[in-house]
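J.: Take a look at the following structure, please.
The values are calculated or read from the model by the stated rules, or taken from the named source; none is laboratory data. Every value quoted in this text rests on a predicted model; they were computed, and no experiment measured them. Cβ placement follows ideal geometry from the backbone for every residue including glycine, while neighbour counts extend to all protein chains displayed. Just so you know, the surface numbers come from the protein's heavy atoms only, side chains and all, with ligands and any DNA or RNA stripped out. Shrake-Rupley method; radii C 1.70, N 1.55, O 1.52, S 1.80 Å.
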Amino acid sequence: MRNSLAIRTAVVGASALLLAAPFITTASAEPASDTQVEQLEADQLPAELVEAIARDLKISPQEYLDRAAKAQELGAYAQEFKSERPGDYAGSWMGLDGQPVVAVTTTEAARIAADDGYRTHVAPVSADTLEKTLADVNGWIAGLPKEISRAVNSATIDVLNNQVVIDVANSPVGQALNLPTLLENTKIVLSPDGGGSVEPGALGGDTYITSTGPIRETPTENISVCSFGFNAVDDQNNALNISAGHCNPAEGSKSPVYLPNHANVDDSQLIGAFSQSSVGNNSGDLDYSVIKFDQSGIDAGLDRAAVRGANGTTLAITGTARPVIGAPICKSGQTSSFTCGVVAADRVETQLVMADGDSRTVRGFAGTACTLAGDSGGAIVSGTLALGITSGSNSSGAPSCNEANLVLATSGGTSNLGIPVGDILDAADRASGGGVGSGIRVRTAG
C-alpha cells in the first residue's frame, strides 16, 4: 500500500477459509506428477527468510520448500483433472499437515484422484459452478448504488466449504444488505529484522519512491512509497520490474521512479519510469505495473533474479508458481521485511478505493502473511518461486506486524491480497508497447 492511497480492507478474515476439512479417502501412494519444480537447497535460503519461516509457519526450511513444490504439483494435476472432468472437479488445496487434497463431486472421480495418490474430499458443487456464482455475485455488487456497494469488502470462493463467501462490513448498511435469492451457494459474513550478509545494490523488495513529476518539484506529502517486486525482462532485453498498479500516482502515465536518498529526498536517483500501470477494470481486474529501468537502474543492480526484505539478506528466484490453497508463502517488502503465511484462497475479488473515491474491482489470491503500508508492489514467493505481487491487506495501518497480529487475532488474523504473477505477465504481454516489448518474463537464477 503506497502512502497516498486509501485502500479498503482487502480480504478480512481470509485465513479463516483454511480450516481442517473431513477427508473421505487417504491414499498411501505418492501423488503422480510430471511437474518439475526447481528450487534452491534449504541451506541456500537467506538467514532472514529462515527466521521468518520458523516464526510464522512453525516448520523447517526444508518442509517449506517441500510443501511449495507439492503445491505446484497439485496445481498442475488439478488443472488437468478439471480440464478432463469439469463437472467432477470441486477444488484443491494443501492440508494443514502439508498433504495435497483434491475435492470432487462424485465417488468415481474420488477413486481416480485417490489412485493417482491424492487425498480426496467429496463436495456437492463443482468449481465451475462456484466460479459462475462468483461472477453473478460481482455482477450484483456492481449494480448496487456506490454507498451500498462500499459495504462489501470482498467476494471469495471458499473451496474448503464449497461456497462463495461475501465479506460485508459490520455496519448498518452491511447488516441490511439482502442477498438475491438467485445467488446460490453463497454466504454473507460480517468482519470487523534478520541477519546474514547484505547484497549491495537495489533488488526486489527494496524501496522506491515516485511522483507525478520531478521529485524536486513535488511536496513531500505527494511522494508515494512502494516496494519493487520481481525483476523481469522482455524480448528486447529491456530491464523491467513487476510491481503494483496503484503505486503509480498517475495511472497509465509514465510517472518517474526513484531510488530514495533518505538524507535528502530531492537528490534521489532517477532510475526509470512506469511503462504500464492499471488498477482493476481495464486489466482483467488486476492491480499491476511494469517499471522500465534506464541504464542507471541497471547499474544499481535491478537486472538480477533476486528479492529481499527491507534491505536484508537476499533470495534467488528460480521459477514461477501459481496460487494453491494451503501452499506456504513468504513476502518481501520495504516496511515489514520477510513475513510468511499460507495461501488462504486462490481467488478473491475485492473493491479497491482510489484516492479520488472511485472504487475498482481487483482480483487476486488471499494470503495470511502480515503486510504493512509501503509493502505494496513487493514480491510474494512460494519456496523460491515467484508467486505474486502485494496489492493490499487488512494490516496496512498497523505500526508493526507484532501489533497487527495482536489486534487482528480475534478476527481471523492478518491477511493480504496478492496478484498472481502469471496473470500479470499475460496482461503485460497483451498491453506491450510504449517502449516495452512482448515476451515479458520474470528473471530467474541460473
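J.: Looking at Gly341, Gly383, Gly378, Gly392, can you tell me which residue is under 11 Å from the mean Cα position of the chain (by Cα) and at pLDDT 85 or above?
T.: It is Gly378.
J.: State all residues of the range 48-76 that are farther than 14 Å from Ile325 by Cα and not hydrophobic (A, V, I, L, M, F, W, C); if no residue qualifies, say none.
T.: Within the range 48-76, Glu48, Glu51, Arg55, Asp56, Lys58, Ser60, Pro61, Gln62, Glu63, Tyr64, Asp66 qualify.
J.: Now for a different question. Please go through the range 216-265 and give me each residue that is surrounded by fewer than 20 Cβ atoms within 10 Å (Cβ to Cβ), of a type in the set (S, T, N, Q) and closer than 28 Å to Thr361 by Cβ, ordered by number.
T.: Passing the criteria: Asn222, Ser253.
J.: Could you list all residues from the range 314-345 that are in contact with an Asp or Glu (Cβ under 6 Å, 6 or more places away or on another chain), hydroxyl-bearing (Ser, Thr, Tyr) and open to solvent by 10 Å² or more (accessible area, probe 1.4 Å)?
T.: Thr314, Thr318, Thr335, Ser336
J.: Could you pull out the residue among Val198, Val173 that is farther than 25 Å from Pro323 by Cα, assigned to a helix (DSSP H, G or I) and modelled with pLDDT under 70?
T.: The unique qualifying residue is Val173.
J.: Mind checking which pairs have a first residue in the range 424-446 that is aliphatic (A, V, I, L, M) and a second that is part of a helix (DSSP H, G or I) and open to solvent by less than 50 Å² (accessible area, probe 1.4 Å), Cβ under 8 Å, 6 or more apart or different chains?
T.: These pairs meet every condition: Ala427/Ser283; Ala431/Ser283; Val436/Ala428; Ile440/Leu425; Ile440/Ala428; Val442/Val421; Val442/Leu425.
J.: Of the numbered conditions (1) within 19 Å of Val343 (Cα to Cα); (2) not in a helix (DSSP H, G or I), Val125 fails exactly one; give the number of that condition.
T.: (1)
J.: From the list Ser15, Ser28, Ser83, pick out the single residue that is in a helix (DSSP H, G or I) and at pLDDT below 90.
T.: Criteria check complete, one pass: Ser15.
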